[in-house]
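S.K.: Handing you this structure, nothing more for now.
FYI, it's all coordinate maths here, none of it is from the lab. This one's a predicted model, so the numbers in the text were calculated from it and none came from an experiment. Cβ coordinates were reconstructed from backbone atoms using ideal geometry, including for glycine residues, and neighbour counts include every protein chain displayed.
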Amino acid sequence: MASAPPSKQRAKSQATRQKLIAAAAEEFRTIGYFNTDTNKIALRAGYAPATFYKHFKNKLSIFLAAYEAWVAEEWRALEAADDDAETLIRTVLAHHKRHLLFRTDLRALATTEPEVKRYQNKLRREQVKRLAELAPDLAPDGDDWSAPVFLLLTMERVSDAIADGSAKASHASETKLIANLIKLIDSLRH
């Protein structure tokens with residue numbers, strides 16, 4: 001039996017929640033987690049500050065929701081991209097560059113907030129499973145998920161290093177780093 005459609009109130013509540021998440025994601029992307037607060041997020045979404053607390057416990061809880069939305073956005077972009085390795089890498093890299101402050105704050109929070117670390121691990125497990133589904137050559141060898149985990153973590157960290165300038169500061173060529181990621185993907189696909 002199909003479930004009943006959500007009530008107008010429930011639909012309105014879900015729309016409000018999504019607007020708050022979108023506003024938070026934009027705050028985190030443009031000024032960073034540590035430079036905003038729940039009032040600014042609510043106001044950016046077009047709501048009074050009290051509305052925020054009807055949907056989220058605190059700033060960290062909406063950060064986790066924004067993180068989940070960030071991962072979903074990245075996957076949509078990857079699924080829309082061509083299947084060749086360079087296009088995939090450039091898609092990830094563009095996403096990381098666009099969300100540099102968010103990614104920087106995510107790494108910082110993952111080291112200081114156990115809830116963020118747990119959530120990051122959960123989302124990474126989901127990403128690794130999706131990688132294995134999209135690229136059967138990356139499927140686990142029994143219980144060993146090393147190949148897709150290695151690819152995910154390498155792409156993530158190299159993309160972050162290019163995005164934040166630390167790769168360039170270390171005298172690494174973006175072009176050569178991308179070429180090495182292409183070789184990595186190609187080697188794992190065969």
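S.K.: Please work out how many pairs of lysine residues in the stretch 59-189 are eight or more positions apart (or on different chains) and have Cα atoms closer than 18 angstrom.
M.R.: 4
S.K.: So if I take the centroid of the Cα atoms in the stretch 85-132 and the same for the stretch 154-182, what is the distance between those two points in Å?
M.R.: Comparing the Cα centres of the stretch 85-132 and the stretch 154-182, I get a distance of 15 Å.
S.K.: Quickly work out the ASP83-to-GLU156 label distance, labels modelled 7 Å from Cα along the C-beta direction, and quote it in nm with one decimal.
M.R.: For GLU156 paired with ASP83, the spin-label model returns 2.6 nm.
S.K.: Between GLU26 and ALA169, what is the FRET efficiency for a Förster distance of 35 Å, r being their Cβ-Cβ separation, to the nearest 0.05? Please report the intermediate quantities before stating the final value.
M.R.: Working: r = 28 Å, r/R0 = 0.79.
The value I calculate is 0.80.
S.K.: If a helix is a whole DSSP H run, which ones in the chain reach 18 Å or further along their own axis (Cα) and hold a mean Kyte-Doolittle hydropathy of at least 0.0? Spell out each step's value before the answer.
M.R.: Details: long enough: 8-30 (33 Å, -1.00); 59-80 (31 Å, 0.34); 85-98 (20 Å, -0.31); 100-112 (19 Å, 0.54); 114-134 (30 Å, -1.52); 146-164 (26 Å, 0.82); 174-189 (22 Å, 0.39).
Helices meeting the span and hydropathy rule in the chain are 59-80, 100-112, 146-164, 174-189.
S.K.: Using only DSSP helix segments of four residues or longer, with each worth -39500 (n - 2.57), what per-residue ellipticity at 222 nm results for the chain after dividing by its residue count and rounding to 500? Mind showing how you got there, number by number?
M.R.: Values: 10 runs with 147 residues, N = 190.
It comes out at -25000 deg cm²/dmol, rounded to the nearest 500.
S.K.: To continue, here is another question. Given Cβ point charges of +1 (Lys, Arg) and -1 (Asp, Glu) and nothing else, what value in debye, to the nearest 20, does the dipole of the chain about its Cα centre take?
M.R.: Working: 29 positive and 25 negative charges, 226 e Å.
Approximately 1080 debye in magnitude.
S.K.: Which distance in nm do the two modelled labels at ASN35 and THR112 give, with both placed 7 Å along the Cα-to-Cβ direction?
M.R.: About 1.6 nm separates the two model spin labels.
S.K.: Work out how much length GLU133 to LYS8 would gain on full extension: take 0.36 nm times their residue separation and subtract the Cα-Cα distance, in nm to one decimal. Please list the in-between numbers first.
M.R.: Working: separation 125, 0.36 × 125 = 45.00 nm, distance 3.67 nm.
Going from the current span to full extension adds 41.3 nm.
S.K.: Shifting gears a bit: Need one number: nm distance between label points at ALA94 and LYS183, each 7 Å from Cα along Cα→Cβ, rounded to one decimal.
M.R.: Roughly 2.6 nm, to one decimal.
S.K.: Please compute the contact order of the stretch 50-190 in relative form: average sequence separation of alpha-carbon pairs under 8 Å and at least six residues apart, divided by the residue count, as a percent. Before the final figure, lay out each step's value.
M.R.: Working: 90 pairs, mean separation 36.9, N = 141.
With pairs under 8 Å counted, the relative contact order is 26 percent.
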